[in-house]
Amino acid sequence: MSSFNQALTSTLGKKLIMALTGLFLCAFLIVHLIGNLQLFKDDAGKAFNDYAYFMTHFTPIKAVSYLLYASIIIHALYALILTVYNRKARPIGYASFAGDKNSTWSSRNMGILGTVLLVFIATHMANFWWKFHNDEVPYIEYRTDLNTLETQVTELNASEFTDYQNFTQDGQEVTRARDLYKQVAYAFQNPILVAFYVLAMAAMSFHLIHGFNSAFQSLGFNHRKYIPIVRFLALWVFGIIIPIAFAAMPLYFFFCK
Amino acid sequence: MSEERTMNLTLKVWRQKNENEKGKFVTIQANGISSDMSFLEMLDVVNEDLTRKGEDPIYFDHDCREGICGMCSLHINGRPHGPKQGTTTCQLHMRSFHDGQTIVIEPWRAAAFPVIKDLAVDRTAFERIQQAGGYVSVNTGGVPDGNAIPIPKPSADEAFESATCIGCGACVAACKNASAMLFVSAKISQYALLPQGQAERYQRAQAMVEQMDREGFGACTVTKACEAECPVGIKLTNIARMNREYFNAKFFKEKTAHS
Ligand code: SF4
Ligand code: FES
């Protein structure tokens, strides 16, 4: 076995793979959040729908998206492999185990938190990704008068829609797009889905506070000079700001739209 | 210090004849225990009682009884070495318990630490990991002058701290994954930080990690339970250093593990 393979199949190597895929997913979240902030724009979804088109048709981003799907699958798969491996390391458990005295709940239950997130990702992709890619979303046309900058919005039906278009005609900018925004607004009228999204974001917060910190440990980075920065980012960016901003989206559509 | 008290306790002790037989919990009454006794002395009293009754005494590991050898073990009420932090079981006193309390006593639980009898487990897996690379090879010849090799104070301090690991296995016992990484990383660190350890630095990291995996210890999920339960306070930064040493050796260095 080459030393590279050997390294990756060792317990340390498996953790390295968890760390690298995990950090990549963390980086993706930032981009995903910034893009999705367009949902809060009061423009009948134009900015968001333009963005959705761009994200699915710009080649470098498409390439990264395959890396993203792979990361999710590898991260979940290795989590499963490691869980089975670690169970085998203690075949007979303790009758009394006071884990709460020496460690946090989330650090001991990353598997449960991760499973919630995996179910969430599946639901999330079925609701939006799948519908968008399989033409199960409504269509929309925006006509903006370039002099007055007033926009007229019309819903299109499937027969009127060919593909995403953006052109200028008679002093008007015309955009025809798949209306993912409306699909989002529609989906988030369902209180059960909204509650599930908020719950999943809470799970994500705990998963990422532990995960982001631990990834650096697994990569071998733990030094008092820079680890406070990692701790700070884990708590504030990945534990608080990102989950709250994401949870605000379903709540915004449910209560304000 | 609090005044001496006498107490009666109910012990739920894991009894197991040998590695192959199934064990079970046995309830044993421990009466008239002084709060000034150590936990092991309490077990001595119980054992004298059992012997007098013609029963098999409880088998448990111990040696120095002053917190330096790492031989005593015991998982007490859900925690290795009992409820206090930074102590071994021999340094745990009965004043940490109260009259009428039930105490559950189990052996370290890990596939790599099979039960020898009752509460004693076989920790030779640690020795095999040490033998794989936890040493510095010294050729014979004149004794080098003690101060001839300059070592920066912070490195010396940190190497010393890592070297205080007594090999007790509480880290494995506390870890939900029965991972030995705190122990192995302490043993790798103590040499990685010193000039004497440099020649074998990268073989050592590879050999010890590979032996650790071969023994069947779990993988780290950074719960930090090991650090919290380690009687001598070995730090988690050692594990990060071990990861660094190992990946460095595997990905960037020519040297492979000792065969
Ligand atoms: S690291 Fe601490 S708990 Fe683990 S064997 Fe060494 S002294 Fe014991
Ligand atoms: S008996 Fe030596 S450390 Fe407890």
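The values are calculated or read from the model by the stated rules, or taken from the named source; none is laboratory data. What you see is a predicted model, and the numbers here were worked out from it, not measured in a lab. Reconstructed Cβ throughout: ideal geometry from the backbone, glycine too, with neighbour counts over all protein chains shown. Each accessible area value is taken on the protein alone, full model and side chains, heavy atoms only, with ligands, DNA and RNA left out. Shrake-Rupley method; radii C 1.70, N 1.55, O 1.52, S 1.80 Å.
When the Kirkwood hydrodynamic radius is evaluated over all pairs of different C-alpha atoms of segment A:64-130, what value in angstrom, to one decimal, is obtained?
For segment A:64-130, inverting the mean 1/r across all distinct Cα pairs yields 14.3 Å.
Treating only the Cβ atoms of Lys and Arg (+1) and Asp and Glu (-1) as charged, compute the dipole magnitude of segment B:163-259 about its Cα centre; round to the nearest 20 debye.
220 debye
Using all C-alpha to C-alpha distances in segment A:139-178, build P(r) with 10 Å bins and read off the rounded percent in each one.
Values per bin, smallest distances first: 34, 52, 14, 0.
Set Lys and Arg Cβ to +1 and Asp and Glu Cβ to -1, take the dipole of segment B:43-115 about its Cα centre, and tell me which of B:Gly70, B:Gly82, B:Ile105 lies farthest positive.
Looking along the dipole axis, the top candidate is B:Gly82.
Would you kindly calculate the translational diffusion coefficient of the protein assembly as shown, applying Stokes-Einstein with the Kirkwood radius from alpha carbon pairs, for 10 °C and a viscosity of 1.306 mPa s, and quote it in µm² s⁻¹ without decimals?
Calculated translational D: 59 µm²/s.
With Kirkwood's inverse mean 1/r over C-alpha pairs for Rh, give me the Rg to Rh ratio of segment B:125-252, two decimals please.
0.98
Quick check for me: using +1 on Lys/Arg Cβ and -1 on Asp/Glu Cβ, what's the dipole size of chain A about its Cα centre, in debye to the nearest 20?
The calculation lands at about 1960 debye.
Using the structure shown, select from B:Lys12/B:Lys117; B:Lys153/B:Lys250; A:Lys88/B:Lys17; A:Lys41/A:Lys62; A:Lys225/B:Lys187 the pairs with a Cα to Cα distance greater than 18 angstrom.
B:Lys153/B:Lys250; A:Lys88/B:Lys17; A:Lys41/A:Lys62; A:Lys225/B:Lys187
By per-residue mean of other Cβ atoms within 10 Å, what is the highest-first order of A:242-254, A:80-92, B:224-236?
The peptides rank, most packed first, as B:224-236, A:242-254, A:80-92.
Cα-based Rg of segment B:1-153 per 2.2 N^0.38 Å, rounded to two decimals?
1.33
To the nearest 10 degrees, how steep is helix A:59-88 against the longest Cα principal axis of chain A, on a 0 to 90 scale?
Roughly 30 degrees, rounded to the nearest 10.
Return the single residue from B:Glu215, B:Glu245, B:Glu48 with maximal mean-square fluctuation; model: Gaussian network over chain B, springs between Cα atoms under 10 Å.
Judging by the Gaussian network model, the answer is B:Glu48.
Which order do A:Trp105, A:Trp236, B:Trp14, B:Trp108 take when ranked by solvent-accessible area (1.4 Å probe, heavy atoms of all protein chains), largest first?
In descending accessible area the options line up as A:Trp105, A:Trp236, B:Trp14, B:Trp108.
Using only the Cα atoms, work out Rg/Rh for segment B:160-203, with Rh taken as the Kirkwood radius, to two decimals.
So for segment B:160-203, dividing Rg by the Kirkwood Rh gives 1.06.
To check you understand DSSP bridge types, tell me what percent of the beta bridges within the protein assembly as shown (both residues inside) are antiparallel, rounded to 5.
90 percent
Which whole-percent values make up P(r) of segment A:1-138 when all C-alpha to C-alpha distances are grouped in 10 Å steps starting at zero?
In order of increasing distance, the bins hold 9, 30, 29, 19, 10, 3 percent.
About its Cα centre, what dipole magnitude does chain B give when the only charges are +1 on Lys and Arg Cβ and -1 on Asp and Glu Cβ, stated in debye to the nearest 20?
The calculated dipole for chain B is roughly 880 debye.
Among all stretches of chain A without exposed GluC sites (Glu not before Pro) (DSSP loop, at most 16 other Cβ atoms within 10 Å), which one is longest?
Longest stretch, sites excluded: A:1-135.
If only Cα atoms are counted, what is the Rg of chain B, and what is its Dmax, in Å?
20.6, 64
By how many degrees, 0 to 90 and rounded to 10, does the Cα axis of helix A:242-256 deviate from the longest principal axis of chain A?
With both axes taken from Cα atoms, the answer is about 40 degrees.
Can you give the log10 of the normalised intensity I(q)/I(0) at q = 0.16 Å⁻¹, computed with Debye over equal Cα scatterers of chain A?
Scattering profile of chain A, log10 relative to I(0): -1.26.
Could you give the angle, 0 to 90 degrees to the nearest 10, between helix A:191-219's Cα long axis and the longest principal axis of the Cα atoms of chain A?
Long axis of A:191-219 versus the principal axis of chain A: about 50 degrees.
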